1. Calculate the spin-label point distance for E12 paired with E42, positioning each point 7 Å from the Cα along the beta-carbon direction, and give it in nanometres.
2. Sort L50, L32, L95 by Cβ crowding within 10 Å, fewest neighbours at the top.
3. Could you tell me the convex hull volume per residue, in Å³, taken over the Cα atoms of the stretch 6-96?
Amino acid sequence: MTVVPWKHLPNEDRRILTYFVEVCQILVCRILKRDLLKEAHEKLIKMVKLIEQKYGQEKITPNLHLSLHLYECACDYGPLYAFWCFSFERMNGILGKLPNYIRVAGI
């Protein structure tokens, strides 16, 4: 559930937020069906176009642009959870908790 003052959002922002939530729900699945992936891609395009129409081209950030390549990445490499950087961050956290033994010469 997304907590926002929904009734206070303009209609365009409601549509942008709805697309965003729907896309996220699809993309974080462990099993990603190609038809759902295509649906997420189409919704991302609609979302980016709405942002550009309402807020201008200068609000299309590199992250928004890169999100349009998620379809290709998932087709090439599988579900996003399998290759995105959060797995590296999680592993760094695990490794950071292990004891660190340093040998100093002469000790």
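1. 2.4 nm
2. Working: L50 15, L32 19, L95 9.
Lowest count first: L95, L50, L32.
3. Spread over its residues, the Cα hull of the stretch 6-96 gives 130 Å³ apiece.
A short reminder: the numbers here are calculations on the coordinates, not readings from a lab. The shown structure was predicted, so the numbers you read here are calculated from the model rather than taken from an experiment. Glycine also receives a Cβ, built like all others from the backbone with ideal geometry; neighbour counts cover every protein chain displayed.
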